[in-house]
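Following: one structure in structure tokens, then a few remarks.
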Amino acid sequence: MTLLRTEIRDGIAVLTAENPPVNALSHPLRAALAEAIAALPGAGVRAAVLTCAGRGFFAGADIREFGAAPQPPAIHALAAALEALPLPVVAAIHGAALGGGLELALGCAGRVAAAGAELGFPEVTLGLIPGSGGVVRSARALAPEEAARLVSLGTRIGAEEAQRLGLVDRVARGDLLAQARALASELAESPRPPLSARPLPPAPAPELWQSARAAAAKVHRGVEAPDVALDVLAACWGTDFETARAAERAAFERLRGSAQSAALRHVFFAERTAAKAARASGGPEIARPGVLGGGTMGAGIAAALLMAGYPVTLAEATPEAAAAARARLEGLIAAAAKRGKLDAGEALSRLTVGEGAPALAACDLVIEAVFEEIGVKRAVFAALEAACAPEALLVTNTSYLDPREIAAGLARPERFAGLHFFSPAQVMKLVELVPVPQTAPGTEAALWRLIGRLGKTGVRAGICDGFIGNRILRRYRAAAEALVTAGATPAAVDGAMRGFGFAMGPFEAQDMGGLDIAHAQRQAARAAGAPVPRCLGDVLVEAGRLGRKTGGGWYDYPEGSRAPVPSKAAARLIAPLCRPGTVPGAEEIAARLVGEMAAEGRAILDEGVAAAPQDIDLVEILGYGFPRWRGGPMFCTRAGAPALARAG
Ligand code: COA
């Protein structure tokens, strides 16, 4: 296949690139572009159009090439070559024009975007900055606050907004190519200076950089790239284009070699691979999902289904519980509507709330989210099998019970599996898909498809206590407790994990969620005869310290205080179980705890509970707050990985 073809008609050359699936600017494509651009002056044309065949415009640099030494021609050289031409080239943009693709477009004399086009600089999400003139040309094309937003947040914008901001000249409603040709002709008649020669807008007030940094820190916590992008942008106002561009390139090259960018690229491909599994499943489409149980989890799952556009039935045991479930769900939908995620009235028009399994009779999928007790679950599934059609899929959202024990009571276990959502289910991107041995391939395929439609990332987990995520969580918490037993304070451990990049340490997180949940699980395991040793968490629960909700857990939360305060009372309670020794420093604490997570991850892989290390990384990042820019516990402890330094 030719990567690039040039057609000349009426004095205008149209360069069409075709590099499926997303027209990434791979080395061969860049070489073809360089050749075609160089040939334009001798082609006897007055103008040219640069466009792409297929799904969209150039989706950016080929991310797979970032791991190796760069091969010329670089994208920034192509953008410079476009600017240096004696004739105008207009970018005709449809679909996504991202990263290097948008940078090439900014090297063109003009830009026309189709109405559905999407433009942006996602580099920061990969730990990079636009390094091919994207920052320095944005400084000249856009108002400073808009340039700051685009280069530091990675926000993708639509064609209309791009036109309003000055990033594109026109939005094409009809024939994109015809309108690009028209603009090219106009620019041939009345040329204008390229972006690099355009004067900068007046310098922004210094406060802009502070607020831009704060906004970026919220969206990309711990990631260095947004600040670097803002530094490069701010420096434009003190220097000429070429110097600024060289600084942009140098910063890009430095980040390209950084551990953060390697980790973020790893997560990018892990997510794409997971999404591909969902897409490739070819399973039947679920048409009428239902949820049994309208507590926090059930209502959250129902909200996620409504947000994905499904008609949803939510059932509870009694009229009172059904009314409470409806109110809970309406609250979640109202909150989502407030954030502009949906139209609350329209979403709720697709909701039916009813009582008991018979209310779910018409559903082709029912997700059970009731109390975590095997007897309760079995009764509920028996009722569901009696009420629903034999083809209906019945799944459990259990997080700790063995789905095989639920399946054992079913007449049609081939239509059953576990689907473990994370709370709040309408927000959290992760779902663990847990088939039982009897689960039919068609059942699993339909669930993959559902996960894809929900916009979530699914990870297949085998059956073990806690599946992938909660099993690692248990080991992580036990290791954190072991550090406290050895004399570290909970605050020191939490501080070390925050320093590593978590938003919260393990003890703060337990106080937030409540210590009673894990305690109840330990008690259940003990009652079943498992050798679960008494731990510090048990002591706190027995003393009524369940966490924030009781005013204290590992920490105290004095009236009105949201911040955890180190607790003398908790320290006194746990002291008899502690054997203080040498307390490690913060880096050592983080390295030890992440090492424990990775060790559990390796055991999980050895047992076949997870298929690949990157699945474990996704579970930790999307479900448990592991810092994305560390790449996950398996990635950051892989052989040859740099030592786990503290976050800047
Ligand atoms: N470099 C290399 N491969 C890329 C890529 C890139 N810039 N962007 C996407 N791909 C790959 C994906 O990994 C996937 O590969 P696979 O089929 O082997 O799994 C394939 O292209 C299709 O991508 P997918 O995301 O499934 O397609 P989509 O139509 O849903 O979305 C995009 C297309 C372009 C919107 C989306 O892929 C995207 O946002 N890519 C990121 C682009 C980016 O970050 N560019 C800046 C680079 S600095």
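The values are calculated or read from the model by the stated rules, or taken from the named source; none is laboratory data. Keep in mind that this is a model prediction, so the values were computed, not measured. Cβ: placed from backbone, ideal geometry, glycine included. Neighbour counts: every protein chain shown.
When the range 78-98 is limited to residues that are assigned to a helix (DSSP H, G or I) and more than 16 Å from the ligand (Cβ to nearest atom), the one that is surrounded by the fewest Cβ atoms within 10 Å (Cβ to Cβ) turns out to be 84.
Within the range 99-132, the residues that satisfy the criterion of being under 17 Å from residue 244 (Cβ atoms) and more than 13 Å from the ligand (Cβ to nearest atom) are 106, 107. With the structure loaded, tell me whether residue 478 is in a helix (DSSP H, G or I) and surrounded by fewer than 24 Cβ atoms within 10 Å (Cβ to Cβ) or whether it fails that test. Judged against the criteria, residue 478 is a match. State which residue is nearest to residue 188 (Cα to Cα) when the search covers only the range 10-38 and only residues that are touching a Phe, Trp or Tyr at 6+ places or on another chain (Cβ under 8 Å) and part of a strand (DSSP E or B). Among residues in the range 10-38 that are touching a Phe, Trp or Tyr at 6+ places or on another chain (Cβ under 8 Å) and part of a strand (DSSP E or B), the one nearest to residue 188 (Cα to Cα) is 17.
Restricting attention to the range 99-127, the residues that are among the charged types (D, E, K, R), within 17 Å of residue 178 (Cβ to Cβ) and surrounded by fewer than 24 Cβ atoms within 10 Å (Cβ to Cβ) total 0. Look at the range 319-344: where a residue is in the same structural domain as residue 307 (by TED's automatic domain parsing) and a partner is not hydrophobic (A, V, I, L, M, F, W, C), sitting 6+ places away or on another chain with Cβ atoms under 6 Å, you get 322/316; 322/355; 325/294; 325/316; 332/426.
Selection of first residues in the range 8-28 that are at negative phi and within 16 Å of the ligand (Cβ to nearest atom) and of second residues that are among the β-branched types (Val, Ile, Thr) and at pLDDT below 95, restricted to Cβ pairs under 9 Å at least 6 apart or on distinct chains, gives the following pairs, ordered by first then second residue: 18/2; 24/63. Of all the numbered requirements in (1) in contact with a Lys or Arg (Cβ under 7 Å, 6 or more places away or on another chain); (2) more than 30 Å from residue 77 (Cβ to Cβ), residue 348 misses one, and that requirement is (1). Scanning the range 320-354 for residues that are in contact with a helix residue (DSSP H, G or I) (Cβ under 7 Å, 6 or more places away or on another chain) and under 14 Å from residue 307 (Cβ atoms) yields a total of 15.
Considering only residues in the range 41-61 that are assigned to a strand (DSSP E or B) and not hydroxyl-bearing (Ser, Thr, Tyr), the one that is nearest to the ligand (Cβ to nearest atom) turns out to be 61. Of all residues in the range 133-145, exactly one satisfies the criterion of being within 14 Å of the ligand (Cβ to nearest atom) and assigned to a loop (DSSP other than H, G, I, E, B), namely 133. Answer with yes or no whether residue 178 is assigned to a helix (DSSP H, G or I) and crowded, with 24+ Cβ neighbours inside 10 Å. Against the criterion (assigned to a helix (DSSP H, G or I) and crowded, with 24+ Cβ neighbours inside 10 Å), residue 178 does not qualify.
Per-residue answers, yes or no, for (1) at pLDDT below 95; (2) closer than 18 Å to residue 299 by Cα; (3) surrounded by fewer than 22 Cβ atoms within 10 Å (Cβ to Cβ):
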| position | (1), (2), (3) |
| --- | --- |
| 407 | yes, no, no |
| 410 | yes, no, yes |
| 414 | no, no, yes |
| 421 | no, yes, no |
| 433 | no, no, no |
| 437 | no, no, yes |
| 441 | yes, no, yes |
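Among the residues of the range 599-626, those identified as surrounded by 23 or more Cβ atoms within 10 Å (Cβ to Cβ) and closer than 18 Å to residue 266 by Cα are 601, 610, 615, 616, 617, 618, 619, 620, 621, 622, 623, 626.
For residue 465, the criteria (1) in a loop (DSSP other than H, G, I, E, B); (2) touching a Pro at 6+ places or on another chain (Cβ under 9 Å) hold in every case but one, which is (2). Which pairs turn up if I take residues in the range 61-72 that are within 19 Å of residue 125 (Cα to Cα) and look for partners that are more than 13 Å from the ligand (Cβ to nearest atom) with beta carbon separation below 9 Å, at least 6 apart in sequence or on another chain? Correct list of pairs: 65/71; 66/262; 67/262.
The test for being of a type in the set (A, V, I, L, M, F, W, C) and under 30 Å from the mean Cα position of the chain (by Cα) does not hold for residue 78. Please enumerate the residues belonging to the range 147-175 that are on the phi > 0 side of the Ramachandran plot and surrounded by 21 or more Cβ atoms within 10 Å (Cβ to Cβ). Within the range 147-175, 154 is the sole residue that qualifies.
Which one is surrounded by the most Cβ atoms within 10 Å (Cβ to Cβ), of the residues in the range 1-27 that are among the polar types (S, T, N, Q) and over 21 Å from residue 43 (Cα atoms)?
For the range 1-27, the residue satisfying everything is 23.
For residue 178, state whether it is at negative phi, in contact (Cβ under 8 Å) with a residue 24 or more places away in the chain and not hydroxyl-bearing (Ser, Thr, Tyr). Criteria not met by residue 178. Exactly one residue out of 515, 546 is buried (at least 16 other Cβ atoms within 10 Å of the Cβ), within 21 Å of residue 596 (Cβ to Cβ) and not hydroxyl-bearing (Ser, Thr, Tyr): that is 515.
Quick grid of which residues meet (1) under 23 Å from the mean Cα position of the chain (by Cα); (2) under 18 Å from residue 447 (Cβ atoms); (3) of a type in the set (Val, Ile, Thr):
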{"site": "291", "(1), (2), (3)": "no, yes, yes"}
{"site": "294", "(1), (2), (3)": "no, no, no"}
{"site": "299", "(1), (2), (3)": "yes, no, no"}
{"site": "315", "(1), (2), (3)": "no, no, no"}
{"site": "318", "(1), (2), (3)": "no, no, yes"}
{"site": "322", "(1), (2), (3)": "no, no, no"}
{"site": "335", "(1), (2), (3)": "yes, no, no"}
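The rows are residues; the columns are (1) of a type in the set (A, V, I, L, M); (2) loosely packed, with under 15 Cβ neighbours inside 10 Å.
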residue: 331; (1), (2): no, yes
residue: 335; (1), (2): yes, no
residue: 368; (1), (2): no, no
residue: 381; (1), (2): no, no
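Mind listing just one residue for me: the one in the range 262-317 that is part of a helix (DSSP H, G or I) and among the β-branched types (Val, Ile, Thr) and, of those, farthest from the ligand (Cβ to nearest atom)? Here the answer is 296.
Quick check, is residue 64 surrounded by fewer than 21 Cβ atoms within 10 Å (Cβ to Cβ), in the same structural domain as residue 192 (by TED's automatic domain parsing) and away from the ligand (no atom under 13 Å from the Cβ)? For residue 64, the condition - surrounded by fewer than 21 Cβ atoms within 10 Å (Cβ to Cβ), in the same structural domain as residue 192 (by TED's automatic domain parsing) and away from the ligand (no atom under 13 Å from the Cβ) - is not met. Considered as a group, the residues in the range 596-648 that are within 25 Å of residue 217 (Cβ to Cβ), within 21 Å of the chain's Cα centre (by Cα) and not in a helix (DSSP H, G or I) include one that is modelled with the lowest pLDDT, and that residue is 647. Among the residues of the range 499-520, those identified as assigned to a loop (DSSP other than H, G, I, E, B) and in contact (Cβ under 8 Å) with a residue 40 or more places away in the chain are 501, 502, 503, 504. Taken over the range 52-76, the residue count meeting the criterion of being under 15 Å from residue 34 (Cα atoms) and out of contact with any Leu (no Cβ under 7 Å at 6 or more places or on another chain) is 5. Residues of the range 184-231 that are touching a helix residue (DSSP H, G or I) at 6+ places or on another chain (Cβ under 6 Å), of a type in the set (Gly, Ala, Ser) and assigned to a helix (DSSP H, G or I): 196, 212, 216, 225, 229.
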